[in-house]
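The values are calculated or read from the model by the stated rules, or taken from the named source; none is laboratory data. Given the structure is predicted, the values throughout are model-derived calculations rather than measurements. Every residue, glycine among them, receives a Cβ derived from its backbone with ideal geometry; neighbour counts consider all protein chains shown. These accessible areas exclude ligands, DNA and RNA; they are computed on the full protein's heavy atoms, side chains included. Shrake-Rupley method; radii C 1.70, N 1.55, O 1.52, S 1.80 Å.
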Amino acid sequence: MKKVSPYVSMASAEAAEIDLDLSRLVIDKQPRLRLERKTSSFDEQSWSELPHSSNDFPAGLDSPFSAESHFGVEPHPLFNEAWEALRKSVVYYRGQPVGTIAAVDHATEPEEVLNYDQVFVRDFVPSALAFLMNKEPEMVKNFLLKTLHLQSSEKMVDRFKLGAGAMPASFKVDRNSNRNTETLVADFGESAIGRVAPVDSGFWWIILLRAYTKSTGDVSLSQSAECQKCMRLILNLCLAEGFDTFPTLLCTDGCSMIDRRMGIYGYPVEIQALFYMALRCALEMLMTDGEGKDLIEKIRHRLHALTYHMRNYFWLDFPHLNNIYRYKTEEYSHTAVNKFNVIPESIPDWVLDFMPSRRGGYFLGNVAPAMMDFRWFDLGNCLSIISSLATLEQSSAIMDLIEERWDELVGEVPLKICYPAIENHEWRIVTGCDPKNTRWSYHNGGSWPVLLWVLTAACIKTGRPHLAKHAIELAEARLLKDGWPEYYDGKMGKFVGKQARKFQTWSISGYLVARMMLDDPSMVTMISMEEDRPMKQTMRRPASWSC
């Protein structure tokens, strides 16, 4: 495989004043990538010129998406195969499609199926986006309504009652052939490995509701009393007052896509990016009368604090890394520079070599008292771009890092869920000797094809579709041949995961969504968010700034 070298062209738009020194994002103007590329991002264009509802999308879309791409180019043979595989995963409840199961791996023994035969909220999101892009919204609407009703069911884990706003991790259709009945049975974490309730399900539900609304132009669902109540319950659970001094959301290991013990307890970047995005989505959909009015005010206050906190304390580039390297400890009072009392000796050796010295940066995996998780987590960083949690400069720097460290973060089969893997004694302590999370496998540095869709959306939004194109081509060379595995193992993602299920639905749908967005970039508006203009302030550029 040839390494993709970077060529950087940074946006010069103004960004929110966040106490960052923009001189550390100065451009290296040496062209190092031979591929033709765009230098403007969607945030620099007029979003009003892009389609925002299904009525504006290109007409004549067949099923699947189109016999030809939006540009009249014959689609890759894998595209039709993917649609066929995706439709085989559809679950029906009382004659109506309500979701897609996690995997259709016929080679798996019945006793090893576990919960892969269930409909997961987070897993269904790329499937939902694929059907919305194909102008098939019925199943998405059914899914939103069914999970909404499951939210109101009793949620008990070992005699402990979960909050009213908690959404299920998954559900299955229980069929009683004797009584000829069908029932939806939800799992809120009481059956999950580790007995952890999902924090991300509610956020994905709100994000998907917005995507459905933007795709169909139908606001009646989001404005219905049921959906308004569902959003309020989810957000009230997250916005509840407590003892925390941070605007970020405190949560435990195993509460998100990384559903095993991986040392992400505290304030993992994935949850914070989802939290931010869900708050932004809710602001667009909540009614301003009654209970919604007070909640909207709470959201605005939380967004203001959350944006400042993430852009300041979670952001890492070379100058910031150098500052941490020189931190003093045991500082007291509001004038402290080392606000979280991070010990410089805790900086791992790998990050000193991993961080490019001239450009590139990313949001840290976690920040808490005396703790900085320096690992790269793909989903949190890509969602930060898609949701505009990252400034234009930060978004560009994240993409610079991906280009610079292509082999480490993308490899032969996209895409690393986190980097680097933890191993040896650290692996024993952090994972509890988890045999599934050995180094460069599963959630410990494994490569997940589903992440193609978030990478593609981030690439398009930052004006770098050539990167998404290259990543998709890498996936197309392997996915069908390998049977659509759940994940890949190894430093470069060469090997099919040792415990990976075949015909993993979100591997299929993640590819479809990525390919459809690349063929028609206007589809990104279904999930992407503009920069939050009301929160934006004028930033002074340093004298060293040059473009």
| query | For segment 231-304, which chymotrypsin sites (Phe, Trp or Tyr not before Pro) are both in a DSSP coil and crowded by at most 11 other Cβ atoms within 10 Å? | reply | PHE243
| Derived scalar couplings ³J(HN,Hα) [segment 316-328; Karplus, 6.51 cos²θ - 1.76 cosθ + 1.60; whole Hz; x for Gly, Pro] | 9, 9, 4, x, 5, 4, 5, 5, 4, 4, 9, 4, 9
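In percent, how large is the relative contact order of segment 353-396, given Cα pairs closer than 8 Å and 6 or more residues apart?
Working: 29 pairs, mean separation 12.7, N = 44.
Result for segment 353-396 is 29 percent.
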| query | Across 10 Å bins from the origin, how do the percents of Cα pairs in segment 365-461 run, short distances first? | reply | 16, 44, 31, 9, 0
| Hey, got a sec? Which trypsin sites (Lys or Arg not before Pro) in segment 79-117 land in a DSSP loop and have at most 15 other Cβ atoms within 10 Å? | LYS88, ARG94
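Take every Cα pair under 8 Å in segment 436-506 that's 6+ residues apart, average their separations, divide by the length, and report that relative contact order as a whole percent. Display every interim value, and only then the final one.
On the way: 88 pairs, mean separation 25.5, N = 71.
Reported as a whole number, the value is 36 percent.
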| remark: Protection proxy (average C-beta count within 10 Å per residue), highest first, orders 95-106, 284-295 as 95-106, 284-295
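Please give the peptides 355-365, 490-500 ranked by average Cβ packing (other Cβ atoms within 10 Å per residue), highest first, as a rough proxy for protection.
Numbers: 355-365: 22.0, 490-500: 18.1.
Put in order of decreasing packing, that is 355-365, 490-500.
Taking a ≥ b ≥ c as the square roots of the eigenvalues of the Cα gyration tensor of segment 214-310, is the shape rounded (a/c under 1.5), prolate (a/b larger than b/c) or oblate? List each step's numbers first, then the result.
Numbers: a/c = 2.15, a/b = 1.57, b/c = 1.37.
It comes out prolate by the Cα gyration axes.
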| task | Any chance you could check the Cα centroid distance between segment 145-169 and segment 85-106 for me, in angstrom? | result | 23
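Could you please report the charge total around CYS433, scoring K, R as +1 and D, E as -1 over all other residues with beta-carbon less than 15 angstrom from its beta-carbon?
On the way: positive: ARG260, ARG261, ARG428, LYS436, ARG439; negative: ASP253, GLU423, GLU426, ASP434.
Taking every Cβ under 15 Å from that of CYS433, the sum is +1.
Could you tell me which GluC sites (Glu not before Pro) in segment 346-454 are loop residues by DSSP with no more than 16 other beta carbons within 10 angstrom of their beta carbon? Walk me through the numbers before you get to the answer.
Details: sites: GLU393, GLU403, GLU404, GLU408, GLU412, GLU423, GLU426; in loops: GLU412, GLU423.
Passing sites in segment 346-454 are GLU423.
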| For segment 263-389, with the dipole built from +1 on Lys and Arg beta-carbon atoms and -1 on Asp and Glu ones, taken about the Cα centre, which of TYR362, PRO319, GLY266 lies farthest toward the positive end? | PRO319
| Say the cut-off is 32 Å between C-alpha atoms; which of LYS293/LYS416; LYS172/LYS436; LYS146/LYS502 go over it? | LYS293/LYS416
| field | segment 113-261 - percent of accessible surface contributed by carbon and sulfur, probe 1.4 Å | value | 50
| note | Residues other than TYR327 with Cβ under 12 Å of its Cβ, Lys/Arg counted +1 and Asp/Glu -1, net out at 0
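Relative contact order of segment 211-302: what whole-number percent is it, with Cα pairs under 8 angstrom and at least 6 residues apart?
Numbers: 61 pairs, mean separation 24.6, N = 92.
Rounded, it is 27 percent for segment 211-302.
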| At a Förster radius of 45 Å, what calculated FRET efficiency corresponds to the Cβ-Cβ distance of LYS298 and GLU345, to the nearest 0.05? | 0.70
